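Down below is the structure, laid out as C-alpha cells.
The values are calculated or read from the model by the stated rules, or taken from the named source; none is laboratory data. Not measured: the values here are computed from a predicted model. Glycine also receives a Cβ, built like all others from the backbone with ideal geometry; neighbour counts cover every protein chain displayed. Just so you know, the surface numbers come from the protein's heavy atoms only, side chains and all, with ligands and any DNA or RNA stripped out. Shrake-Rupley method; radii C 1.70, N 1.55, O 1.52, S 1.80 Å.
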Amino acid sequence: MDDKELKLAQDEFRTTRDTLVDLLLQRMFEFENRENRIIERKHTSIVAFSSLEIAMVAIVFPIYASNEALGCLSIVSVVLLLVGAIYGIGLIIFSNIKEGTLSKVQNDAEQKFLAEQLKEVVQIYSQAIDGMLEEKHIEDYLNMKEESKKIYTEDVKPVTKYSSVLDKLYYLFLGIFGLGLLLFVLSIFGILT
C-alpha cells in the first residue's frame with residue numbers, strides 16, 4: 001500500500017477503534033439498565049391488570065352470587081378474570097426465572113462480538129501505523145466481521161426465541177384480560193338494566 005492508502009487506513013481504523021471502544025463501554029454499563037426497564041414495564045402492567053382483575057372479582061362476585069338473575073355471561077366474565085389473574089402471576093414468575101439468565105447470555109454475546117472486532121481493528125491500525133498493512137489484512141478483517149456476526153446470531157438465538165415466546169404469552173394475557181373486562185362490563189350492564 002502506498003502512503004496515501006496507509007494514511008487513509010490509519011484514519012479509518014482509528015475512528016473504528018474509538019467507536020468500538022465507546023460502544024463496548026456503553027453496552028457494558030447500559031445493557032442491564034435497558035433490559036431491566038423493559039422487564040419492569042411488562043411486570044408493572046401485568047401486576048396492575050392482575051390486581052384489577054382480582055379486585056373486580058372480589059367486589060362484584062358477592063353481588064353476582066346474591067343476585068338471582070346470575071347469567072352465563074356473568075359466570076364467564078368472573079372465570080376469565082380469575083384465569084387472567086392467575087395467568088398473570090404465573091407469567092411474572094416464569095419471566096423472572098428466565099430473564100436474568102437470558103439477559104446475561106445476550107450481554108456476553110455482545111461483549112464477545114465487540115471485543116473480537118476491537119482486537120482486529122487495533123491490530124490493523126497498528127499495522128497501518130507501522131506501514132505493514134496490506135489489502136489482504138483488510139479483506140481478512142471484513143470476512144472475520146461477517147463470520148463474527150453469524151456467530152453472534154447463533155449465540156443469541158435462545159434469547160430471541162424466548163423473547164418471541166414471552167411476547168406471545170404477554171399478548172395472550174392482555175387478550176384474556178380484555179375479553180374478561182369486556183364480558184364483565186356487559187354483564188354489569190345486564191344486571192343494571
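Ranked by the mean number of other Cβ atoms within 10 Å per residue, highest first, peptides 163-169, 16-22 order as 16-22, 163-169.
Entry comment: accessible area of the stretch 88-193 is 60 Å² per residue, from protein heavy atoms only and a probe of 1.4 Å.
The mean of 1/r over all pairs of different alpha-carbon atoms in the stretch 75-130, once inverted, gives a Kirkwood hydrodynamic radius of 15.3 Å.
Hydrodynamic radius of the stretch 91-193 by the Kirkwood approach over all distinct alpha-carbon pairs: 18.0 Å. Using a cut-off of 25 Å between Cα atoms, the listed pairs K104/K136; K104/K150; K42/K145; K98/K157; K98/K119; K98/K168 include K104/K136; K42/K145; K98/K119 as exceeding that distance. The alpha carbons of the stretch 128-168 give a radius of gyration and a Dmax of 17.4, 55 Å, in that order. Per-peptide packing, taken as the mean over residues of other Cβ atoms within 10 Å, places 156-162, 143-149 in the sequence 156-162, 143-149 from highest down. Of the accessible area of the stretch 72-136, computed with a 1.4 Å probe over protein heavy atoms only, carbon and sulfur atoms account for 68 percent.
Overall shape of the stretch 148-193 was characterised from the C-alpha gyration tensor. The equivalent ellipsoid obtained from it has semi-axes of 44, 5, 4 Å, in decreasing order.
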